[in-house]
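Worksheet for the structure shown next.
The values are calculated or read from the model by the stated rules, or taken from the named source; none is laboratory data. If you're wondering where the values come from, they're calculated on a predicted model, not measured in any experiment. Here the Cβ is made from the backbone with ideal geometry for all residues, glycine too, and neighbour counts use every protein chain on show. The accessibility values were calculated without ligands, DNA or RNA, using every heavy atom of the protein model including side chains. Shrake-Rupley method; radii C 1.70, N 1.55, O 1.52, S 1.80 Å.
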Amino acid sequence: MMGSSFLGSSAFASKDSLEEFETLNKGKIRMVDNNDKHGPPSFVAGMLSERFAEANGQNAKHFLDEHKDFFEMDNPEENLEEVRSSDDDLGMTHVRLQQTKNGIPVDRNELNVHFNEDNQITTVNGNFDNEIENTDINTTPFVEENTAIQAAKDEVDAPDFVEFEESDLIVYPFEDDYHLAYRVNLEFHTGSPGNWYVYVDAHTGEVIDSYDAMTGLGEFFSEYIDTEPSEEAEVSVPSVNMMSALPLSVEPASLLPSRGKGLGTTGVEKLLNLSHGPNKNGGRTFYLADQTSDIMDGIFTYNMKNTANQISLYENTKASWKDVKYNGDSSSWEAVGQGPGVDAHKNSRIVYDYFLENHGRNSLDDNGMAIRSRVHYWTEYNNAFWSNGLAMMTYGDGDGQQFIPLASLDVTAHEMMHGITHYNGGLRYRFETGAINEAFSDTFGTIIDDRSWDIGEDIMGEAWLAEGRTALRSNEDPGKFPVNERFWAYSVDGEGRYPSHMDEYYFLPANMDNGGVHINCTILQHSAYLVAEEYGMGREVVADTWYRSYDYLHYDATFAEFREAILQSAIDLYGEDSEEYDAFLGAFDDIGLYEGWSLEENYRGPLW
């Protein structure tokens with residue numbers, strides 16, 4: 001990284017701070033410049049302070065204020081607000097601070113301050129826009145919040161029933177300007193499902209920007225197969241509001257635990273934790289409700305019966321769930337079978353147990369929240385997704401051509417990892433940050449389902465298999481699979497292969513796969529494969545280091561910041577002189593993700 005030569009535009013006090021840091025470190029500190037030049041370095045690491053009495057947000061801000069010239073801030077104690085503080089197994093404390101303007105959050109600008117076990121600050125990283133501190137912004141809205149929400153709904157053609165809506169007043173940096181705006185989050189599943197973020201100017205009521213953050217498994221690939229998309233199934237809107245309560249056919253607390261077994265989509269028998277209760281005919285009804293843990297709120301699987309918004313706890317009159325046969329030919333998967341429910345229910349338990357046993361994480365929110373999954377979503381739906389608003393995983397049945405039912409183990413881990421990313425502070429689902437988000441999900445999908453480094457090998461439909469496509473993406477050899485044909489012009493050679501090196505990065509516009517979130521992710525995933533296999537560190541080292549790196553990321557992190565977050569996590573866990581650190585550093589060199597890589601300096605236009 002850059003060393004003591006970095007002084008930026010700061011004055012003598014900045015130089016004094018740098019000399020103080022170097023004295024504490026007996027040499028150079030590690031530092032990466034901020035690519036947009038509007039603030040402090042994006043990553044500063046080393047011994048940065050003497051010991052504080054406590055490791056907390058107040059002392060983090062006090063430190064930044066003491067060195068405000070170096071960090072290019074005018075008034076950090078006033079313009080930074082503590083978001084959260086967490087302690088880890090190494091005794092370190094990680095404080096996340098949100099930049100504000102007149103008390104209003106500045107979208108995409110978060111700063112992390114890290115204390116070691118002796119309450120000394122060792123790392124500062126993230127985004128802080130110093131220009132906004134001296135910019136005159138009227139932070140009093142002229143537009144009513146309800147008006148902004150309606151403008152957002154109109155912008156994305158939202159249906160009458162929106163499952164989740166939320167609005168926050170923010171300052172939004174956009175195209176070299178700053179807007180007071182309402183950030184409206186709308187999630188709906190009728191028609192074309194979406195999880196939209198719409199930014200509405202709070203002074204004019206005009207829509208500034210919008211994007212769909214629905215974290216699906218991937219893009220659709222209809223160009224490759226001879227199949228027509230199905231029409232939307234007829235659905236009725238339930239009377240219950242899904243934002244406030246789940247429309248259950250039974251109260252889980254009234255049920256008794258039981259055991260059973262079932263056959264998954266591919267015919268594999270699986271043992272299940274169930275619940276049961278009396279039915280109206282005097283017998284018993286069994287439910288896909290696992291309430292065996294006393295430290296979390298249960299695992300529940302729901303049946304949507306091939307609609308977009310009907311939902312009830314999946315039930316059966318027997319404890320044996322073996323009806324996996326579907327009616328019709330292989331391209332018609334409309335009849336409800338039990339295999340997807342068996343898969344989603346069992347795999348949710350496997351993923352939960354993995355994170356509890358290997359990372360000490362108690363469910364997606366680390367606070368024992370219930371894990372809820374919906375299967376048989378819509379008709380012939382070729383995707384799966386995590387819902388931030390409803391806090392659920394949802395799985396389609398596929399059309400038999402592109403996909404068969406999608407609740408396989410690696411896909412379940414992929415979607416649950418999106419939930420973990422969400423509860424760890426989130427990674428904006430756009431451009432580099434969105435690709436990091438997807439890389440976490442694909443990487444942990446192939447760590448938990450460790451039979452291969454491919455994602456989606458158990459969900460491929462017959463048309464793709466006939467074409468030789470055995471998985472959706474590969475971490476081991478990303479280039480063996482093509483992306484959607486509409487992206488080929490943005491590939492390095494026009495052949496449209498998934499990238500494994502930064503030279504192959506797809507510079508996509510925002511309206512194409514949110515800037516490449518499902519495509520550029522494979523570069524980072526390939527580095528995980530290299531560390532585990534080519535450098536011989538194994539999956540556990542990759543998992544521990546990647547999981548820890550959440551503490552060093554933030555809502556708008558870049559690939560360059562991801563690199564430093566991983567390297568710093570490796571230092572924390574294994575030491576800078578370790579073979580593990582060398583493996584991660586070597587893998588980043590292998591994929592061309594060098595220090596300070598930026599979109600602007602490496603931009604490549606489309607071929608046609």
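Overview of results
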| quantity | calculated |
| --- | --- |
| Considering residues of region 36-62 that are at pLDDT below 85 and touching a helix residue (DSSP H, G or I) at 6+ places or on another chain (Cβ under 7 Å) only, the residue least open to solvent (accessible area, probe 1.4 Å) | 39 |
| Selection count, region 262-277, where residues are over 15 Å from residue 313 (Cα atoms), open to solvent by 20 Å² or more (accessible area, probe 1.4 Å) and in a strand (DSSP E or B) | 4 |
| Residue ID - nearest to residue 385 (Cα to Cα), chosen from residues in region 194-216 that are open to solvent by 20 Å² or more (accessible area, probe 1.4 Å) and assigned to a loop (DSSP other than H, G, I, E, B) | 214 |
| For residue 451: the one exception among (1) open to solvent by less than 20 Å² (accessible area, probe 1.4 Å); (2) in contact with a helix residue (DSSP H, G or I) (Cβ under 9 Å, 6 or more places away or on another chain) | (1) |
| Per-region count, region 458-511, residues in contact with a Leu (Cβ under 8 Å, 6 or more places away or on another chain) and among the small types (Gly, Ala, Ser) | 3 |
| Conditions (1) at pLDDT 90 or above; (2) at positive phi; number of the one not met by residue 328 | (1) |
| Flag if residue 393 is open to solvent by 10 Å² or more (accessible area, probe 1.4 Å) and closer than 26 Å to residue 166 by Cα | no |
| Residue match in region 512-521 (condition: touching a strand residue (DSSP E or B) at 6+ places or on another chain (Cβ under 7 Å) and farther than 21 Å from residue 422 by Cα) | no |
| Meets criteria (in a loop (DSSP other than H, G, I, E, B), open to solvent by 10 Å² or more (accessible area, probe 1.4 Å) and either among the charged types (D, E, K, R) or modelled with pLDDT of 95 or more (or both)) for residue 334 | yes |
| Among the candidates 287, 354, residue that is modelled with pLDDT of 95 or more, open to solvent by less than 60 Å² (accessible area, probe 1.4 Å), out of contact with any Asp or Glu (no Cβ under 8 Å at 6 or more places or on another chain) and more than 14 Å from residue 405 (Cβ to Cβ) | 354 |
| Test: residue in region 375-385 that is open to solvent by less than 10 Å² (accessible area, probe 1.4 Å) and within 24 Å of residue 545 (Cβ to Cβ) | no |
| Filtered residues of region 479-501 (kept if within 30 Å of residue 570 (Cα to Cα), touching a residue at least 40 places away in the same chain (Cβ under 8 Å) and within 21 Å of the chain's Cα centre (by Cα)) | 500 |
| Conditions (1) in contact (Cβ under 8 Å) with a residue 24 or more places away in the chain; (2) surrounded by fewer than 13 Cβ atoms within 10 Å (Cβ to Cβ); (3) not in a strand (DSSP E or B): number failed by residue 259 | (3) |
| Pair list, Cβ < 9 Å and 6+ apart or interchain, from region 299-323 residues that are under 11 Å from residue 344 (Cβ atoms) and of a type in the set (A, V, I, L, M) to residues that are assigned to a loop (DSSP other than H, G, I, E, B) and open to solvent by 40 Å² or more (accessible area, probe 1.4 Å) | 299/291; 299/292 |
| Helices (runs of 4 or more DSSP H) fully within region 502-581 counting 3 or more residues that are open to solvent by 10 Å² or more (accessible area, probe 1.4 Å) and either modelled with pLDDT of 95 or more or among the polar types (S, T, N, Q) (or both) | 538-549, 559-574 |
| Matching strands (runs of 3 or more DSSP E) fully within region 63-160 where at least 3 residues are touching a residue at least 60 places away in the same chain (Cβ under 8 Å), open to solvent by less than 50 Å² (accessible area, probe 1.4 Å) and more than 21 Å from residue 201 (Cβ to Cβ) | 104-115, 121-126 |
| Residue among 418, 422 that is open to solvent by 20 Å² or more (accessible area, probe 1.4 Å), within 9 Å of the chain's Cα centre (by Cα) and in contact (Cβ under 8 Å) with a residue 24 or more places away in the chain | 422 |
| Candidate set from region 306-326 (those that are closer than 13 Å to residue 394 by Cβ and not aliphatic (A, V, I, L, M)); member that is most open to solvent (accessible area, probe 1.4 Å) | 310 |
